[in-house]
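What follows is a single structure, written as structure tokens, with notes after it.
Derivation of every value follows stated rules applied to the coordinates shown; laboratory data play no part. Computed from a predicted model, the values in this text were never measured in an experiment. No Cβ is skipped: glycine too gets one built from the backbone with ideal geometry, and neighbour counts run over all protein chains shown.
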Amino acid sequence: MILAGGKSSRFGSNKALALYQGRPLIAHAATVMAEIFTEKLLVTNTPEAYAFLGWPMTGDLVANAGPLAGIQAALNKIQAERAFIVACDMPRLDAAVITRICRCPGDWDVIMPELPGGGEPLHAVYHRRILPAIDAALARGEGKISRLLAALRVRTMSAAELGLADDRPVPFANINFTRDLRDLP
């Protein structure tokens with residue numbers, strides 16, 4: 001599942017459609033995700049902007065509630081018990097890393113990469129059973145994923161567990177500013 005519902009306010013325009021290596025950022029994510037998963041879904045409130053992908057789409061159920069509303073929409077729509085959810089602005093996704101996250105043993109609510117400042121919630125596996133917690137948080141007006149995660153059983157995976165070498169670019173780095181895109185090798 002790819003989330004493409006953000007305002008891109010720090011970027012200045014729709015970053016999902018910004019070009020990287022001649023293709024929109026979202027196309028990079030969609031290509032990698034399509035190689036791994038049979039069930040695909042794009043969560044967006046502007047489906048006309050992404051028709052070129054040919055993906056099934058759904059919109060947020062709660063307007064202006066950020067990525068947590070996108071996770072809610074995805075989990076409501078999928079057939080599977082779990083979904084790998086990624087942001088549209090991650091052009092360096094790595095299929096092997098995603099597969100390791102998806103195959104992590106245990107009965108976790110959320111599984112995500114561990115970063116120096118915490119986990120990366122927009123490159124993670126979410127179990128459908130957390131929908132009531134998401135619904136309740138959004139009903140209270142709480143859109144922060146970090147607050148929700150504090151109440152769930154979360155498994156973070158280290159760089160070593162994910163097979164990431166120190167000299168390799170981080171596959172879940174996202175683009176927030178135009179300089180982030182410009183500085184990508």
By its C-alpha gyration tensor, with a ≥ b ≥ c as the square roots of the eigenvalues, how is the stretch 62-185 shaped: rounded for a/c under 1.5, else prolate for a/b larger than b/c, else oblate? oblate
Counted charge near SER8, where neighbours are those whose Cβ lies closer than 11 Å (Asp, Glu -1; Lys, Arg +1): +2
Return the sequence-ordered ³J(HN,Hα) values of the stretch 44-49 in whole Hz as given by the Karplus equation 6.51 cos²θ - 1.76 cosθ + 1.60 applied to θ = phi - 60°, using x for Gly and Pro. 8, 9, 10, x, 4, 6
For the stretch 55-97, what does the alpha-carbon gyration tensor say about shape, rounded, prolate or oblate, given a ≥ b ≥ c as the root eigenvalues, a/c under 1.5 as rounded, and a/b over b/c as prolate? oblate
Per the 1/(1 + (r/R0)^6) rule, R0 = 25 Å and r from the Cβ atoms of LEU61 and ALA160, FRET efficiency to 0.05 is 0.10
HN-Hα couplings for the stretch 95-102 via Karplus (6.51, -1.76, 1.60; θ = phi - 60°), in whole Hz with x for Gly/Pro, come out as 4, 5, 5, 4, 4, 4, 4, 5
Hey, got a sec? Which trypsin sites (Lys or Arg not before Pro) in the stretch 93-185 land in a DSSP loop and have at most 16 other Cβ atoms within 10 Å? ARG103, ARG140, LYS144, ARG153
Within the stretch 1-68, list the trypsin sites (Lys or Arg not before Pro) lying in a DSSP loop whose Cβ has at most 12 other Cβ atoms in a 10 Å radius. LYS7, ARG10
Would you compute, from DSSP H runs of 4+ residues alone, the mean residue ellipticity of the chain at 222 nm, taking -39500 (n - 2.57) per run and dividing by the full residue count, rounded to the nearest 500? -7500 deg cm²/dmol
Once phi is turned into ³J(HN,Hα) by the Karplus curve 6.51 cos²θ - 1.76 cosθ + 1.60 with θ = phi - 60°, what whole-Hz value does each residue of the stretch 148-158 show in order, with x for glycine and proline? 5, 4, 4, 9, 10, 8, 10, 10, 9, 10, 6
Which percent, nearest 5, of DSSP beta bridges in the stretch 2-178 are antiparallel? 50 percent
Loop only per DSSP, at most 13 neighbouring Cβ atoms within 10 Å: give me the GluC sites (Glu not before Pro) in the stretch 1-69, ordered by residue number. GLU39
Amide H contacts under 5 Å for MET57, placed H, 5+ residues apart: LEU42
